[in-house]
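J.: My structure is below; once you've seen it, I'll send some questions.
Here, each number is a calculation from the coordinates, and none is a lab measurement. Since the structure is predicted, the reported quantities are computational estimates derived from the model, not experimental observations. Glycine gets a Cβ as well: all are built from the backbone with ideal geometry, and neighbour counts include every protein chain shown.
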Amino acid sequence: MNADIEMLLKIQEYDKQIYQLESEFAKKLQDRENLEELITTHTLNMEQLQDELNEILEDLKFKKNLLEEKEALLEKLDEKSNSVQNQKQSEALSSEITIAKTNKSILEDKILEIQSIVDEKNKKISEIQQQIDEVKQKLESFDAQLAEFKKDVDEKIEQINKEKESMLNDINPHLLAKYNKISLWAKGSAVVRVENETCYGCFIKLPPQISVLVEETDEIVYCPNCGRILYKKE
């Protein structure tokens with residue numbers, strides 16, 4: 001095997017370790033983002049419920065004021081009954097009182113119904129606030145763990161890079177630059193083996209002349225399809 005290829009494979013193993021650590025950290029960041037999104041969702045739900053509650057409370061206030069007016073009207077009608085002078089006036093007043101009492105009763109029932117809705121909305125808002133507090137507490141704990149995790153990952157990557165850098169001076173700089181460029185998108189698979197005349201990076205069958213170069217020479221060969229560096233499996 002070409003000595004530079006052999007060196008690249010060792011470097012690639014170090015890079016794979018780095019990519020794995022970075023991937024694990026990225027997953028942790030995604031988990032954190034999920035917690036933040038959950039807080040946002042709960043907050044929006046609570047704000048919507050609060051807006052609905054405010055409208056209901058306005059309606060409740062209006063109906064309570066209306067009820068006070070109905071009660072005041074009944075008091076006036078009761079007072080008026082003392083000054084009734086004939087049967088006709090008595091019957092008219094009695095009808096007016098009956099209507100007022102009916103309207104008052106309907107209004108009282110409606111107020112009780114609205115108050116029940118208010119209580120339910122307040123209960124839901126309280127439950128969501130509790131959920132928000134729980135997720136925030138979880139996020140705070142997660143951030144502390146994440147800071148420790150990041151510190152550990154950074155230390156491991158630093159150590160890997162130190163070990164990797166000790167090898168970089170022993171490889172063709174042009175080839176190393178090419179490898180680094182490919183690695184930007186082919187994370188951990190910039191250098192791949194050839195088996196059965198197939199590139200094990202893109203899994204496309206290679207032209208015969210490319211397969212021959214890989215199998216029978218020490219030349220640096222690139223896959224014509226994906227551009228990865230190829231090597232013969234020993």
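J.: Would you please give the residues with an amide H less than 5 Å from that of V221, counting only those at least 5 places away or on a separate chain, with H modeled from the backbone geometry?
T.: Result for V221 returns L230.
J.: For K124, give me every one of the lysines with a C-alpha distance below 22 angstrom, ignoring sequence neighbours fewer than eight places off in its own chain.
T.: Cα-Cα hits under 22 Å: K61, K110, K136, K138.
J.: Where in segment 125-234 are there chymotrypsin sites (Phe, Trp or Tyr not before Pro) that are in a DSSP coil and have at most 12 other Cβ atoms within 10 angstrom of their Cβ?
T.: Filter output for segment 125-234: W185, F203.
J.: Next question. Here are some pairs, K16/K178; K150/K187; K76/K121; K63/K121; K151/K232; which of them have Cα atoms lying more than 29 Å apart in this structure?
T.: Details: K16/K178 17 Å; K150/K187 20 Å; K76/K121 37 Å; K63/K121 18 Å; K151/K232 39 Å.
Too far apart for the 29 Å limit: K76/K121; K151/K232.
J.: A further question on this structure: Bin by bin, in steps of 5 Å, what percent of the Cα pairs in segment 177-232 do you find, going until the bin that has the longest distance?
T.: 4, 23, 35, 22, 13, 3
J.: Also: Write down the radius of gyration of the chain and its Dmax, each obtained from C-alpha positions, in Å.
T.: Both quantities, over Cα of the chain: 39.6, 127 Å.
J.: Straight-line reach from K162: which aspartates and glutamates have Cα under 16 Å away, leaving out those fewer than 8 places along the same chain?
T.: Candidates past the 8-residue exclusion: E13, D15, D152, D154, D170.
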